[in-house]
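Engineer: Handing you a structure now.
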Amino acid sequence: MAQRVKTDWVLFSTILLLVAFGLVMVYSASSVMAELRYRSNLHFILRQVVWAVASFAVLMFIKRRDYRRLQDPAWAFTCLGVVLMLLGLVYVLDPRQHRWFRMGGFGSLQPSELAKPALVIFLAYFITRRSETINSRSTLWLATLALGVLALLVGLADLGTAIVLSLTAAVLFYVAGLDRRYCVVAISAGLVLSAAFVVAKPYRMARIIGRFDPDYTLLNRIDPAGRIRNYVNESITTRDASYQPRQSRIAVGSGGVLGLGLMQGRQKLLYLPEAHTDYIYAVVGEEMGLIGCTAVLAGFVVIFWRGLRLYWLAADEFGRYLALGVTATIVIQALINMSVVLDLGPSKGIPLPMISFGGSSLLSTLASLGLLLSVSEHSG
């Protein structure tokens, strides 16, 4: 007798609403820029629709499969290995930014985005397999090796994604019972590695300095010779690191409670860079107001609620960690993006899941949510 499928309609409906709302906002935020650059206001939205259809097909495919088939070393290590290979390959094929595989008219593919579902599958398998010896040296060395290589390859070009991956891993290992002293060591190592990544790129240093010391008051005391300031100014993109956050604040503030109305935003008219990608939440704030921003936030709260619920209700340990990993990845990324847009943290190149323009991000997010829905439907 076939197993009765138990679709989480609250979660499924929330995903559909967020993706649909994202398509509307991508068109609103990108139409003017698309007209100026490509002489077609549909340039970005048509690509996003194609990616949305393909990504939703992936979600439905994964959703219908029993997630327990992934509890196998072949799946866990192959997924992670393929992503590591792609990350190494893109570093060579994209020598300038080390981020994208160019695919002509279909846009580009960003391997670091694919690392998110791959890491969740690997960690769920690894922690389930090693749950009884989570604090043993052999377990810690294996985890450090895998996560260290992944963080290094991702962080070289995409620090924001590396932070999301690291925080997801931290959540899973903490919940799994990792000893506090190892948690302290891991956090310290993560901070040192993050600092190294920041120093390696002038624009990253500019964002940090622009957030905490915009007038260079403290920096001039620490470095009176101006070596750090000269290094930061090597890139033309770092001349005014506070420009994006300032324009974002103007957009959100001018929206008020009700917003200026869909398509009526002004900051997207060449004032706010990356209006349809990393800063699309600012466009939501300007055009849809506090109500629109709250609605988007509520969508991610629902995902957090349903994911956490699945963590408690899943019938097996692998399903619990899979649900927790997916939930942590998406919610952490959303909160980081919103905090950057609201100028609560330094700028990072990280999209808002399901809302921002970007095929790789949408594919990664919906594939991950397919795993979450699979746990919901086949656990029991």
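The values are calculated or read from the model by the stated rules, or taken from the named source; none is laboratory data. The model shown is predicted, which means the values in this text are computed figures rather than measured ones. Note that each Cβ is placed from the backbone with ideal geometry, even for glycine, and that neighbours are counted across all protein chains shown.
Engineer: If a residue counts only when it is among the hydrophobic types (A, V, I, L, M, F, W, C), over 25 Å from ALA29 (Cα atoms) and free of Cβ contacts under 8 Å to residues at least 40 places away in the same chain, which helices (runs of 4 or more DSSP H) contained entirely in segment 155-258 have at least 3 such residues?
Structural biologist: Helices (runs of 4 or more DSSP H) meeting the threshold: 180-200, 202-212, 217-222.
Engineer: Counting only residues that are of a type in the set (A, V, I, L, M) and either in contact with a Pro (Cβ under 9 Å, 6 or more places away or on another chain) or at positive phi (or both), how many does segment 277-302 have?
Structural biologist: Step one: filter segment 277-302 for residues of a type in the set (A, V, I, L, M), giving 280, 282-284, 288, 290-291, 295-298, 301-302.
From the residues that got through so far, the ones that are either in contact with a Pro (Cβ under 9 Å, 6 or more places away or on another chain) or at positive phi (or both) too are 280.
Matching residues across segment 277-302 total 1.
Engineer: Does VAL184 satisfy the condition of being at pLDDT 80 or above, of a type in the set (Val, Ile, Thr), surrounded by 15 or more Cβ atoms within 10 Å (Cβ to Cβ) and over 24 Å from GLY88 (Cβ atoms)?
Structural biologist: Values: at pLDDT 80 or above: yes; of a type in the set (Val, Ile, Thr): yes; surrounded by 15 or more Cβ atoms within 10 Å (Cβ to Cβ): no; over 24 Å from GLY88 (Cβ atoms): yes.
No: the conditions fail for VAL184.
Engineer: Also, I was wondering about something else. Got a sec? Which of VAL296, VAL283, VAL302 is under 22 Å from the mean Cα position of the chain (by Cα) and surrounded by fewer than 22 Cβ atoms within 10 Å (Cβ to Cβ)?
Structural biologist: VAL302
Engineer: A follow-up question, please. Pull up segment 311-343, narrow it to residues that are touching a helix residue (DSSP H, G or I) at 6+ places or on another chain (Cβ under 8 Å) and not in a helix (DSSP H, G or I), then point me to the one that is modelled with the lowest pLDDT.
Structural biologist: Out of the qualifying residues, it is ASP343.
Engineer: LEU308 fails exactly one of the following numbered conditions: (1) within 21 Å of SER356 (Cβ to Cβ); (2) of a type in the set (A, V, I, L, M, F, W, C); (3) modelled with pLDDT of 90 or more. What is the number of that condition?
Structural biologist: Result: LEU308 fails condition (1) only.
Engineer: Among (1) surrounded by fewer than 20 Cβ atoms within 10 Å (Cβ to Cβ); (2) more than 11 Å from the chain's Cα centre (by Cα); (3) not in a helix (DSSP H, G or I), which single condition is SER347 missing?
Structural biologist: (1)
Engineer: Residues that are buried (at least 16 other Cβ atoms within 10 Å of the Cβ) and among the β-branched types (Val, Ile, Thr): does segment 215-236 have at least one?
Structural biologist: yes
Engineer: Then there's this: What number goes with the only condition from (1) farther than 21 Å from THR327 by Cα; (2) modelled with pLDDT of 90 or more; (3) surrounded by fewer than 12 Cβ atoms within 10 Å (Cβ to Cβ) that SER138 does not pass?
Structural biologist: So the condition that SER138 fails would be (2).
Engineer: Which of the residues spanning segment 211-261 are touching a Phe, Trp or Tyr at 6+ places or on another chain (Cβ under 7 Å) and modelled with pLDDT of 80 or more?
Structural biologist: Selection gives GLN244, GLN247, SER248.
Engineer: Count, please, the residues in segment 57-113 that happen to be among the aliphatic types (A, V, I, L, M), in contact (Cβ under 8 Å) with a residue 40 or more places away in the chain and in a loop (DSSP other than H, G, I, E, B).
Structural biologist: 0
Engineer: Being at pLDDT 90 or above and acidic (Asp, Glu): is that true of ASP94 here?
Structural biologist: No: the conditions fail for ASP94.
Engineer: Can you name the condition, by its number, that GLY358 falls short on among (1) under 22 Å from LEU156 (Cα atoms); (2) surrounded by fewer than 24 Cβ atoms within 10 Å (Cβ to Cβ)?
Structural biologist: (2)
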